[in-house]
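Peer 1: Starting off with a structure, shown below.
The values are calculated or read from the model by the stated rules, or taken from the named source; none is laboratory data. Quantities reported herein were computed from a predicted structural model and do not represent experimental measurements. So basically every Cβ, Gly included, is an ideal-geometry build from the backbone, and we count neighbours across all protein chains shown. Only protein heavy atoms, including side chains, enter the accessible area calculation; ligands, DNA and RNA are left aside. Shrake-Rupley method; radii C 1.70, N 1.55, O 1.52, S 1.80 Å.
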Amino acid sequence: MASITLEGLKKTYSGDVQAVKGVDLEVHDGEFVVLVGPSGCGKSTLLRMVAGLETITEGTLKIGDRVVNKLEPAERDIAMVFQNYALYPHMTVYNNLAYGLKNRGFNKDEIEKRVQVAAEMLEIEEFLDRKPRKLSGGQRQRVAMGRALVREPAAFLFDEPLSNLDAKLRVQMRVEIKQLQRRLKTTSLYVTHDQLEAMTLGDRLVVLNAGQIEQVGTPMQIYARPATMFVAGFIGSPAMNMVPVEYLHARGANGLLDNLPEGTDIVGIRPDDMHLAPPAGQHLIVESTLQLFEAAGAESHLYVNLADSDQPTVIRVSGQPPVAEGETLRFYVTRDALHPFNSTTGQRTGD
Amino acid sequence: MQTKRMTFPGHWLPYALLAPQVIITLIFFIWPAGQALYQSLLREDAFGIKTTFVGLENFARLFRDGDYLNSLSVTAVFAVGTTLISMGLALLMATTVNRMIRSRSTYTTLLVWPYAIAPAIAGVLWWFIFNPSIGIVPYLLDMVGYRWNHRTSGNDAMMLVIFAAAWKQISYNFLFFLAGLQSIPQSLIEAAAIDGASPLKRFWTVVFPLLSPTTFFLLVVNVVYAMFDTFGIIHATTEGGPSQATNTLVYKVYADGFVGLNLGSSAAQSVILMAIVVVLTIIQFRFIERRVNY
């Protein structure tokens with residue numbers, strides 16, 4: 001059990017490619033932190049730097065109170081779950097779990113005991129004698145988790161562990177990982193590009209873009225108050241709509257937009273905050289043409305073009321409203337649903 | 001594998017297309033093999049005037065012949081030595097090159113060159129390098145107090161042919177090992193590193209077992225190479241000497257048949273070699289087909 005502290009962590013590859021451009025982050029003891037971002041944002045590189053699989057160009061990395069910059073992966077007291085599981089194909093499940101313990105000189109009884117405990121916890125006892133290729137994707141995933149937890153490390157590192165599973169299994173394993181982490185209370189750092197996975201798993205999220213942290217916070221903090229336009233667009237599905245303030249003014253926003261913070265030239269509106277029926281209190285009214293109607297069971301997505309602007313916008317409504325494609329729709333937005341941004345800096349301007 | 005079925009309009013075209021391969025096989029393989037089988041049952045005098053049928057007498061004689069039994073053990077030492085050295089060095093080079101990023105293809109190209117050299121040329125090359133009078137290696141060895149002379153010392157001669165034969169085969173082994181190494185996912189090695197295995201331990205407990213299909217394949221190929229494909233090297237360096245020390249089975253077939261003109265015995269020896277090839281081929285197919293280890 002330990003905290004993980006990243007101070008000004010940088011990674012530069014030869015040829016001056018900056019993969020990670022200075023990251024400061026503190027993962028508290030027992031916390032589950034998710035690194036999320038689009039592919040190529042440096043989140044995997046960052047995780048691999050913590051694991052010791054990539055060298056650190058600059059900055060300090062501490063696990064607990066130890067600076068581990070120069071330590072070998074094995075000496076950092078961490079365990080990692082890989083995207084492709086990285087199970088040793090020539091060893092049985094039992095030996096896959098025992099390998100790390102054997103290398104560390106545990107005695108036979110202790111190994112046996114720990115493997116049994118882990119196998120029970122993950123319900124893989126019956127597969128202990130099998131080779132990994134005889135297992136299904138979900139079972140392999142469990143073995144990979146088992147290999148991490150038999151070692152009882154100070155921290156777990158997860159590198160997109162669910163991305164090779166089918167959608168149903170992914171949800172199931174997501175819940176199990178969360179429960180397991182709650183039970184073991186082991187500090188965890190989890191990398192994913194899936195914002196839903198990030199939202200549901202993490203105690204805190206770290207949104208990364210182009211090698212830099214965009215925002216750190218609890219999932220709900222980030223969802224309710226995205227700090228940058230990038231975060232606003234990345235977290236939440238369908239993505240937040242961005243509408244220029246000027247456009248709203250031109251459409252007769254009356255007094256509603258007058259108290260927007262200084263520098264605001266664009267506002268974000270979540271698809272669920274656009275209503276087809278007028279809400280109580282003051283609101284904006286925007287007209288649009290319905291381009292595409294997408295029924296997704298409990299909810300529907302309406303792809304519309306704003307009147308006189310051709311700007312594509314998505315509205316999410318529950319159920320299936322009686323609308324037809326090509327129809328002109330009027331929707332209503334309240335003032336507190338607006339996220340004010342400055343489009344030049346990309347930063348939130350206030351509120 | 002599903003192959004597309006092709007229908008020819010007549011009969012003669014497919015046969016004609018097949019003919020070159022069939023003719024070559026018949027003339028250069030089936031016919032000589034048949035001849036060898038037949039000849040192994042005959043005894044012919046050195047001038048080819050009189051031929052008598054002797055049954056299995058040629059074989060019986062071979063196994064009573066000290067020279068032939070010696071040749072068997074010489075071949076065993078030579079094959080094991082060549083295989084171990086060429087595979088060991090090739091594996092070492094492959095693991096080293098596999099770690100490189102930018103210079104990998106350059107090294108690979110350079111390391112493949114020896115394979116393109118004809119066996120006789122390779123033999124002459126080594127003959128010069130190890131020549132007791134003018135060679136560089138005996139000169140250097142002399143400085144450290146070792147008097148190299150493969151013309152008088154059977155051990156020196158054996159080492160020479162093993163070096164020469166192994167050197168030529170390293171390229172081939174290297175390519176296969178490199179391909180094998182590259183097919184092992186990097187994450188497995190990283191997982192082993194996190195699991196606390198030292199680089200050497202990682203190699204022996206993870207990489208090497210995963211290479212076992214490649215290793216087994218190469219083992220068979222190298223034994224076959226050492227036993228049958230090294231005539232040129234031996235002929236150009238030691239010619240089987242000194243006093244039978246490097247007279248391998250294949251070289252003895254040539255020496256007894258074409259130099260000694262004992263055609264019956266030579267043919268019987270080829271038949272035994274043929275049997276060995278058959279056994280090795282069976283082993284290879286048996287094990288390679290059901291992938292080793294995992």
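Peer 1: When you scan the range A:76-95, how many residues do you find that are out of contact with any strand residue (DSSP E or B) (no Cβ under 9 Å at 6 or more places or on another chain) and within 9 Å of chain B (Cβ to nearest Cβ)?
Peer 2: 7
Peer 1: Separate question: So B:V112 clears everything in (1) surrounded by 14 or more Cβ atoms within 10 Å (Cβ to Cβ); (2) farther than 19 Å from B:Y172 by Cα except one condition, right? Which one?
Peer 2: Only one criterion in (1) surrounded by 14 or more Cβ atoms within 10 Å (Cβ to Cβ); (2) farther than 19 Å from B:Y172 by Cα is unmet by B:V112, namely (2).
Peer 1: Shifting gears a bit: Return yes when B:L210 is open to solvent by less than 20 Å² (accessible area, probe 1.4 Å) and either outside any helix (DSSP H, G or I) or under 19 Å from A:P89 (Cα atoms) (or both) and no when it is not.
Peer 2: Yes; evaluated as a whole, the condition is true for this residue.
Peer 1: Also: Which residue out of B:Y146, B:Y139 is assigned to a helix (DSSP H, G or I), of a type outside the set (A, V, I, L, M), open to solvent by 50 Å² or more (accessible area, probe 1.4 Å) and away from chain A (no Cβ under 14 Å)?
Peer 2: Result of the check over B:Y146, B:Y139: B:Y139.
A quick yes/no check of all residues on (1) away from chain A (no Cβ under 14 Å); (2) among the aromatic types (F, W, Y); (3) in a loop (DSSP other than H, G, I, E, B); (4) surrounded by fewer than 20 Cβ atoms within 10 Å (Cβ to Cβ):
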position	(1), (2), (3), (4)
B:L188	no, no, no, no
B:V220	yes, no, no, yes
B:M227	yes, no, no, no
B:A236	yes, no, no, no
B:Q244	yes, no, yes, yes
B:N247	yes, no, yes, no
B:K252	yes, no, no, no
B:S265	yes, no, no, no
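Peer 1: A further question on this structure: Looking only at the range B:176-186, how many residues end up being part of a helix (DSSP H, G or I), within 14 Å of chain A (Cβ to nearest Cβ) and open to solvent by less than 60 Å² (accessible area, probe 1.4 Å)?
Peer 2: Counting residues in the range B:176-186 that are part of a helix (DSSP H, G or I), within 14 Å of chain A (Cβ to nearest Cβ) and open to solvent by less than 60 Å² (accessible area, probe 1.4 Å) gives 1.
Condition check ((1) of a type outside the set (G, A, S); (2) farther than 23 Å from A:K21 by Cα) across all residues:
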position	(1), (2)
A:G211	no, no
A:P226	yes, no
A:A232	no, no
A:P238	yes, yes
A:V267	yes, yes
A:T289	yes, yes
A:N305	yes, yes
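Peer 1: Of the residues in the range A:66-84, how many are assigned to a strand (DSSP E or B) and either open to solvent by 40 Å² or more (accessible area, probe 1.4 Å) or out of contact with any helix residue (DSSP H, G or I) (no Cβ under 7 Å at 6 or more places or on another chain) (or both)?
Peer 2: So the count comes out to 2.
Peer 1: Identify the residue in the range A:101-141 that is within 14 Å of chain B (Cβ to nearest Cβ) and over 27 Å from A:L169 (Cα atoms) and, among all such residues, is surrounded by the fewest Cβ atoms within 10 Å (Cβ to Cβ).
Peer 2: Taking the candidates together, the pick is A:G105.
Peer 1: Among the residues of the range A:327-346, how many are buried (at least 16 other Cβ atoms within 10 Å of the Cβ) and farther than 15 Å from A:G281 by Cβ?
Peer 2: Number of matching residues: 7.
Peer 1: Six or more apart or on different chains, Cβ atoms under 7 Å: show the pairs whose first residue is in the range B:199-211 and more than 9 Å from every other protein chain (Cβ to nearest Cβ) and whose second is of a type in the set (D, E, K, R) and open to solvent by 40 Å² or more (accessible area, probe 1.4 Å).
Peer 2: none
Peer 1: So, one more: Does A:A324 fit the bill of being open to solvent by less than 80 Å² (accessible area, probe 1.4 Å), part of a loop (DSSP other than H, G, I, E, B) and over 23 Å from A:E214 (Cβ atoms)?
Peer 2: yes
Peer 1: One residue is enough: does the range B:152-175 have a residue meeting the conditions among the polar types (S, T, N, Q), within 14 Å of chain A (Cβ to nearest Cβ), surrounded by fewer than 17 Cβ atoms within 10 Å (Cβ to Cβ) and not in a helix (DSSP H, G or I)?
Peer 2: Looking for residues that are among the polar types (S, T, N, Q), within 14 Å of chain A (Cβ to nearest Cβ), surrounded by fewer than 17 Cβ atoms within 10 Å (Cβ to Cβ) and not in a helix (DSSP H, G or I), one finds none in the range B:152-175, hence no.
Peer 1: Scan the helices (runs of 4 or more DSSP H) fully inside the range A:127-232 and keep the ones with 3 or more residues being more than 19 Å from the chain's Cα centre (by Cα) and over 21 Å from A:L53 (Cβ atoms).
Peer 2: A:137-149
Peer 1: Can you pull out the residues in the range B:190-207 that are in a helix (DSSP H, G or I), in contact with a Ser or Thr (Cβ under 9 Å, 6 or more places away or on another chain) and small (G, A, S)?
Peer 2: Listed by number, the list holds a single entry, B:A192.
Peer 1: While we're on this one: Can you tell me which of B:R104, B:R99 is within 23 Å of B:L175 (Cβ to Cβ), touching a helix residue (DSSP H, G or I) at 6+ places or on another chain (Cβ under 7 Å) and charged (D, E, K, R)?
Peer 2: Within the list B:R104, B:R99, the selection yields B:R104.
Peer 1: Here's something else I'd like to know. In the range B:39-59, is there at least one residue being free of Cβ contacts under 8 Å to residues at least 12 places away in the same chain and part of a helix (DSSP H, G or I)?
Peer 2: No, the range B:39-59 has no match at all.
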